[in-house]
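Read-outs: derived from the displayed coordinates by stated rules, not from any lab. This structure is a prediction, so every number in the text was calculated from the model and none was measured. We place every Cβ from the backbone using ideal geometry, glycine too, and count neighbours over all the protein chains shown.
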Amino acid sequence: MRVILAGYNIDVSQFPYKEIQYTPETISAAYARISRSKKSVDELRKDAVLDVEKARRSNKTIVFEMGHSSVAEHAVFNFDIIGISRYLTEFVQRTRLASFTEKSQRYVTLDGDYVIPEEIQNDTVILKQFQDTIQLQNETYISLFEELKSFFQRTTSLSKKDIEGRAKEDARYVLSMATQTQMGMTINARSLEHLLKRLYALSLNEAKDLADTLNEQVRNIAPSLIRYIEPSKYDTQKYKIDVFAKSNKPIEKCSLLSYPAHADERIIAGLIFRSTGTDYQTVFEDVKRMNKQDKEKILQKHLKDITCHDSLPREFELVDLVFQVNISS
């Protein structure tokens, strides 16, 4: 696995000062003082740039002693992560408030590279079984890819590019979660600290290696923003998963577990509420008494100009649906 720090945000006013260390910490330190200083924002940034060590002390006080952790979100890092397993990729990409772009298994034909878990490298019997299984999976992937291309050529009118893409996408189901992939990750310092703690909490050497490498890349650049990365006992217990646990009952592919009563009425009431001076509960009760046609008219009025490029109104967030979905990784 290789991890490369590809970039991070810095204050452009640092450029004239060649002797100053470039770090995103100065922006965090300057912005943290906005609420309590009479100085303008650009003056605060200049102060931080001219005294990086003072800026770092300020960050430590504000972020970790006063608890204003959001200040760390002003520092952002870009990483190349190369040769990571699909298994660990799934865990990393659960991180909230981060952006990922991964090697596509639809547009790129996989070449058979895989990660050998450190945990089995010294057990010759298990290692051979593992490698033999991976080899069989990779051979099956290539075979399926060719057969699926022929199948889609016979049964669809798709372009050559789309046929290959669909064949790769379907063939990949036979591949191991140890298959190597790569991705670009953009993440702020607060989220990175949380990710490092989660990685160290996993009982997986690949996860700890990734955490070590990520931390090594940033600890000298932003030491005042990323500090508490050791997992607690609670953290380590949280990520203990028995992957071989058996269920006494088959799991359905998709189940709607819960939903609120009067879901449509909640949304419609929200749409009306935003343009009235009446309290929400009164509007909601009025909407519940409406007939179906009147409710549909209100929805049509608010959504008539919406296109595929538009987001639904925030009022749709008044309804939460909880699903259990059984899908592949």
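Key figures
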{"quantity": "Contact order normalised by residue count of the stretch 118-266, Cα under 8 Å, 6+ apart, percent", "calculated": "19 percent"}
{"quantity": "Neighbour-limited loop hits for trypsin sites (Lys or Arg not before Pro), the stretch 220-321 (at most 14 other Cβ within 10 Å; DSSP other than H, G, I, E, B)", "calculated": "LYS240, LYS246, LYS253, ARG274, ARG289, LYS304"}
{"quantity": "Average Cα contact separation per residue, the chain, under 8 Å, 6 or more apart, as relative contact order %", "calculated": "19 percent"}
{"quantity": "Taking the stretch 106-174 and dividing mean pair separation by its residue count, relative contact order in percent (alpha carbons under 8 Å, at least six apart)", "calculated": "46 percent"}
{"quantity": "Inter-part distance where the stretch 120-151 and the stretch 259-279 are each reduced to a Cα centre, Å", "calculated": "54 Å"}
{"quantity": "Paramagnetic reach from THR213 (point 7 Å along Cα→Cβ, amide N under 19 Å) across the stretch 1-32", "calculated": "1-8"}
{"quantity": "Separation between Cα centres of the stretch 159-231 and the stretch 289-329, rounded to whole Å", "calculated": "34 Å"}
{"quantity": "Inter-label distance for ASP123 and TYR239, nm, one decimal - labels placed 7 Å from Cα along Cα-to-Cβ", "calculated": "2.1 nm"}
{"quantity": "Under the Karplus curve 6.51 cos²θ - 1.76 cosθ + 1.60, θ = phi - 60°, whole-Hz ³J(HN,Hα) for the stretch 169-179, x wherever Gly or Pro sits", "calculated": "4, 6, 5, 5, 4, 8, 7, 6, 6, 7, 4"}
{"quantity": "GNM flexibility winner over the chain from ASN122, ASN188, ASN138 (Cα, springs under 10 Å)", "calculated": "ASN122"}
{"quantity": "Karplus 3J(HN,Hα) series, Hz, for the stretch 316-321 with 6.51 cos²θ - 1.76 cosθ + 1.60 (x for Gly, Pro)", "calculated": "5, 6, 5, 10, 10, 10"}
{"quantity": "Whether the stretch 23-155 is rounded, prolate or oblate, judged on the alpha carbon gyration tensor where a/c under 1.5 counts as rounded", "calculated": "prolate"}
{"quantity": "Option label - Rg and Dmax of the Cα atoms in Å computed here, alternatives [x] 19.5, 63; [y] 22.0, 64; [z] 26.1, 73", "calculated": "[z]"}
{"quantity": "Under Karplus coefficients 6.51, -1.76 and 1.60, residue-wise ³J(HN,Hα) of the stretch 298-308 in Hz, glycine/proline x", "calculated": "5, 4, 4, 4, 7, 10, 5, 9, 6, 10, 5"}
{"quantity": "Spin-label proximity, ASP264 to the stretch 297-311 - amide N less than 20 Å from point 7 Å beyond Cα toward beta carbon", "calculated": "297-306"}
{"quantity": "Distant-in-sequence amide H partners of ALA6 (H built 1.01 Å from N, under 5 Å)", "calculated": "ASN78, PHE79, ASP80"}
{"quantity": "Residues with amide H under 5 Å from that of THR23, placed H, sequence gap 5 or more", "calculated": "ASP11"}
{"quantity": "Nitroxide proxy distance, nm - points 7 Å out along Cα→Cβ at SER329 and THR156", "calculated": "2.6 nm"}
{"quantity": "Range in the chain, longest, excluding exposed GluC sites (Glu not before Pro) [loop by DSSP; at most 15 other beta-carbon atoms within 10 Å]", "calculated": "20-251"}
